[in-house]
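The values are calculated or read from the model by the stated rules, or taken from the named source; none is laboratory data. As the structure is a prediction and not an experimental result, all values here were calculated from the model. Cβ sites come from the backbone with ideal geometry, for glycine too, and all protein chains shown count toward neighbours. Only protein heavy atoms, including side chains, enter the accessible area calculation; ligands, DNA and RNA are left aside. Shrake-Rupley method; radii C 1.70, N 1.55, O 1.52, S 1.80 Å.
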Amino acid sequence: MASKFDIANQGLVLVGANTITSFSENTTESKVANQLYDTVKNNLLTRCRWRFASKQVQISYDSTAPLARWESKHSVPFDALIIHTLSVGDNIIQYDRYGDYVFNDANSTDTVIADYTFSPAETELPDYFIQCLVFELASLFAGAIARNDTLSELYNKRAATQLALAKNIDSQ
C-alpha cells in the first residue's frame, strides 16, 4: 500500500533528489514535496470524473434562504472537491455552487443527493493513478529541486501520456 511519502519519494528518485521520511524535515526536498503534494493530487483528481474517487451522499438542507434566483441551499459535503450532479429522486436538478453551499430549487422536504469527487487516502488509489501522480510530481520536482527544465518537460509528457492511459483504464 502506498503512502504520501512513498509516492513523493518515487517522484524525487526520478529526478535524482534525496528521499524524505516526513514532510516536516528541514530539507529542500521535504519542503517542496510538502508544498506541492496535496495540490498536485487534488488537481489530478479534478481533471476527470474518476470512478475510484466518486461518492454519492444525501446533503443537508440549510434553512437560510438564498438572496435571489434559487429557492433553497444545501451544504456541500466536507470532502467534496467537485460537485458533479444533484438529484431529487431520479431527477437531476440544476444548481450553482457558492462556497460551501449548493443553491437549487429543491424544497425543504426533498431528499437531495450529491454526486461528487473526493480525495481518497493513498492506500485507496489505484496504481494507474499513482503512476500519473508520480510523473506529475517528478515534473515539478525537476524544475523546483533539480533545476532541470529538460527533465521537467520529459516527466510532464510522461504524466500526460499516463493520464490518458489512466482515464481509459478507469472508464472501463
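Hey, any idea what Rg/Rh is for the range 1-145, computing Rh the Kirkwood way over Cα pairs?
Result for the range 1-145 is an Rg/Rh of 1.12.
Mind checking the alpha-carbon convex hull of the range 77-125 and giving the volume per residue in Å³?
It comes to 95 Å³ per residue, whole-number rounded.
Which value in nm describes the separation of the simple spin-label points at S108 and N42, placed 7 Å from the Cα toward the beta carbon?
The modelled label-to-label distance comes out at 3.3 nm.
Can you name the helices of the chain, as whole DSSP H runs, whose Cα span along the helix axis is 30 Å or more and whose Kyte-Doolittle mean is not below 1.0?
Taking the DSSP H segments of the chain (at least 30 Å long, mean hydropathy at least 1.0), we get none.
When the helix-only estimate is applied to the chain (DSSP H runs of n ≥ 4, each -39,500 (n - 2.57), divided by the residue count), what is the mean residue ellipticity at 222 nm, nearest 500 deg cm²/dmol?
Using -39500 (n - 2.57) per qualifying helix, the result is -13500 deg cm²/dmol.
Under a 10 Å cutoff between Cα atoms, tell me which one of L12, L67, L81 has the largest fluctuation in the Gaussian network model of the chain.
Highest fluctuation of the listed residues: L67.
Please work out the ratio of the alpha-carbon Rg of the range 4-77 to 2.2 N^0.38 Å and round it to two decimals.
That works out to 1.73 for the range 4-77.
Show E71, E122, E153, E25 ordered by accessible area, largest first, where the area counts protein heavy atoms only and the probe is 1.4 Å.
Of E71, E122, E153, E25, the descending order of accessible area is E71, E153, E25, E122.
What order do W50, W70 take when sorted by accessible area (1.4 Å probe), most exposed first?
Descending accessible area places them as W70, W50.
GNM on the chain, C-alpha springs below 10 Å: top fluctuator among T64, T27, T111?
T64
Note down the net charge around K55, summing +1 for each Lys or Arg and -1 for each Asp or Glu among other residues with Cβ under 13 Å from its Cβ.
Here the count lands on -1.
So if we plug the beta-carbon distance of D6 and S87 into 1/(1 + (r/R0)^6) with R0 = 35 Å, what FRET efficiency do we get, rounded to 0.05?
Plugging the Cβ-Cβ distance into 1/(1 + (r/R0)^6) gives 0.40.
What are the lysines whose alpha-carbon lies under 20 Å from the alpha-carbon of K157, with same-chain residues fewer than 8 places away excluded?
In chain and number order, the partners are K41, K167.
Return the carbon/sulfur percentage of the accessible area of the range 35-172, one whole number, probe 1.4 Å, all protein chains in place.
47 percent
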